[in-house]
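K.L.:
Below you'll find the structure I mean.
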Amino acid sequence: MFLALWYYLCGYVKIRVKGFSAERFMNMAAYRGVYLWEVAREGAGMKMKAAGNSLELLQACAEKTGCALEVLSYGGLPVFLGRFGRRQVWTAGLLCFAAGLYLLSSFVWVMRIEGNERLSKEELLSACKEMGLYPGVRKRSVDTQAVTNGLLEDFADISWVSVGIHGTDATIRLAETIEGVEIIDKETPCDIVASTDGVILQITAERGTPLAAAGDVVKKGDVLISSALTIGLEGEEQHTEYTAAEGTVTARIWRRLTEELPLQYEEAVYSGEVRKNHSLLFSGRELDILHPDSDVQWERELLSEKTLGLGDRKLPLTWRRERWRAYETVQKTRTAAEAKTLLEEKLRKNAENLLSPYGTIEDIQIRYEVYANSVRADAEITMAERIEEKKQNIETENQNEEKEQENANEL
């Protein structure tokens, strides 16, 4: 098999030998050092293959043995390459394709991230790009160890990471740290205080002593549930202990919001002209193939994006289709009544954004001021919200400071 491969590289010839002395012809050729293979009988003759450079010697053997030698075909690598010489354009295309394939294989085209749950893929890819690893970078210029160390330094949530490049794929495998459990301190004494001014609607104390009741007016910082507990029955000796106060306090609070809207404004009026635009995105760069006229104002609407690839391998090439709608900017005027309606909707939406999951809006009072070119709205919003906030007890805080000072003096 090795000899057959060698003669394929050097070139071979397929011949047919006819005559009564075909066996004598083969013996003579073998005696003179000619290697014959794939010998097969064909009628009164024989078919076989021999080295291409032994054709003259085979013809001499055929004359001496009285056999007729017929060349059927030539084969091997020299013949295969010889065809390329007659097809120069095809040969040049094949060489360019091979060179392009080799060149493309020296770049990173696909980024894979495995093991991330809390960390977003976009955040990790952005960090890798800053360290020199991104789709389109040469593989030789990437220091995988530096990227590994950089990710461990930049992300405290990563406990282990491995960066490897295989073919045109860069794979980042990581393990995240165990998510920290929120620890609720039930030992350090603290009070529940008001986070803002308001009127108490409801107060519920799970631990601690409530100091306010429904209907009380409180200021920001007032203690609502005290950490101090009086221990002992009436008529007996009593003492005070401190705990971590816990509970909920709902109060009526007020917020003020202000919005202003001009009476003169600009609005986009569409002409009805619609065009399709196609663009190619490569490594963050956009190449517009059919760009609409830039003298006209266009509104862009994304129709689809498709990542190109070869089989299962994705390339950093994205084909984007967009729809462009032509429009003109027109000056318009709204009435004061229209402005007031829009302002009321906007203020209500802003008030809802201020609410916590536990809050509700009770009332909105809006006062309007109409000017020559605008309308101003001042809103007073009444809402029911939870206002409890924890604050360490001052007495126990002072005691802790005194203990720390005594320990420092002893040392």
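The values are calculated or read from the model by the stated rules, or taken from the named source; none is laboratory data. Model, not experiment: these values are computed from the prediction. For neighbour counting, all protein chains shown are included, and Cβ atoms are generated from backbone atoms with ideal geometry for every residue, glycine included. The protein model used for the area step is the full one, side chains on, heavy atoms only, and it has no ligands, DNA or RNA in it. Shrake-Rupley method; radii C 1.70, N 1.55, O 1.52, S 1.80 Å.
K.L.:
So in segment 118-149, with the set limited to residues that are more than 14 Å from the chain's Cα centre (by Cα) and among the small types (Gly, Ala, Ser), which one is modelled with the lowest pLDDT?
P.N.:
Gly136
K.L.:
Take the conditions touching a residue at least 60 places away in the same chain (Cβ under 8 Å), buried (at least 18 other Cβ atoms within 10 Å of the Cβ) and not hydroxyl-bearing (Ser, Thr, Tyr) and apply them to Ala170. Does it pass?
P.N.:
Answer is yes for this residue.
K.L.:
Filter segment 342-362 down to residues that are more than 9 Å from Ile381 (Cβ to Cβ) and among the acidic types (Asp, Glu) and give me whichever is surrounded by the fewest Cβ atoms within 10 Å (Cβ to Cβ).
P.N.:
Looking at residues that are more than 9 Å from Ile381 (Cβ to Cβ) and among the acidic types (Asp, Glu), I get Glu345.
K.L.:
Taking segment 316-341, which residues are at pLDDT below 85 and either among the β-branched types (Val, Ile, Thr) or in contact with a helix residue (DSSP H, G or I) (Cβ under 9 Å, 6 or more places away or on another chain) (or both)?
P.N.:
Once the filter is applied, which keeps residues that are at pLDDT below 85 and either among the β-branched types (Val, Ile, Thr) or in contact with a helix residue (DSSP H, G or I) (Cβ under 9 Å, 6 or more places away or on another chain) (or both), segment 316-341 yields only Thr318.
K.L.:
Something else now. Counting only residues that are at pLDDT 85 or above, surrounded by fewer than 16 Cβ atoms within 10 Å (Cβ to Cβ) and of a type in the set (Gly, Ala, Ser), how many does segment 40-72 have?
P.N.:
4
Matching residues to (1) at pLDDT below 90; (2) more than 49 Å from the chain's Cα centre (by Cα); (3) not in a loop (DSSP other than H, G, I, E, B):
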position: Leu201; (1), (2), (3): no, no, yes
position: Ile225; (1), (2), (3): no, no, yes
position: Thr230; (1), (2), (3): yes, yes, yes
position: Thr248; (1), (2), (3): no, no, yes
position: Arg252; (1), (2), (3): no, no, yes
position: Lys276; (1), (2), (3): yes, no, yes
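K.L.:
Report whether or not Trp37 is open to solvent by less than 60 Å² (accessible area, probe 1.4 Å) and farther than 15 Å from Gln59 by Cβ.
P.N.:
Yes.
K.L.:
Please identify the pairs in which a residue from segment 209-222 that is over 14 Å from Glu389 (Cα atoms) and outside any loop (DSSP other than H, G, I, E, B) has its Cβ atom under 7 Å from the Cβ atom of a residue that is of a type in the set (A, V, I, L, M) and modelled with pLDDT under 90, counting only partners at least 6 apart or on another chain.
P.N.:
Close Cβ pairs (under 7 Å, with a partner that is of a type in the set (A, V, I, L, M) and modelled with pLDDT under 90) amount to Thr209/Ala228; Thr209/Leu229.
K.L.:
I'd like to know if segment 137-158 contains one or more residues that are touching a residue at least 60 places away in the same chain (Cβ under 8 Å) and surrounded by 11 or more Cβ atoms within 10 Å (Cβ to Cβ).
P.N.:
Checking segment 137-158: not a single residue is touching a residue at least 60 places away in the same chain (Cβ under 8 Å) and surrounded by 11 or more Cβ atoms within 10 Å (Cβ to Cβ).
K.L.:
Listed residues Ser106, Ser162; which is at pLDDT 90 or above and surrounded by fewer than 15 Cβ atoms within 10 Å (Cβ to Cβ)?
P.N.:
Ser162
K.L.:
Would you pick out the residues in segment 349-397 that are assigned to a strand (DSSP E or B), within 30 Å of Glu241 (Cα to Cα) and over 41 Å from the mean Cα position of the chain (by Cα)?
P.N.:
So the first thing to find is which residues in segment 349-397 are assigned to a strand (DSSP E or B), and the list is 360-370, 374-386, 388-392.
From what's left, within 30 Å of Glu241 (Cα to Cα): 386, 388-392.
Of everything in segment 349-397, those that are assigned to a strand (DSSP E or B), within 30 Å of Glu241 (Cα to Cα) and over 41 Å from the mean Cα position of the chain (by Cα) turn out to be Lys391, Gln392.
K.L.:
Please state which of the following conditions Asp288 fails to meet, knowing it meets all the rest: (1) modelled with pLDDT under 80; (2) open to solvent by 80 Å² or more (accessible area, probe 1.4 Å).
P.N.:
Result: Asp288 fails condition (2) only.
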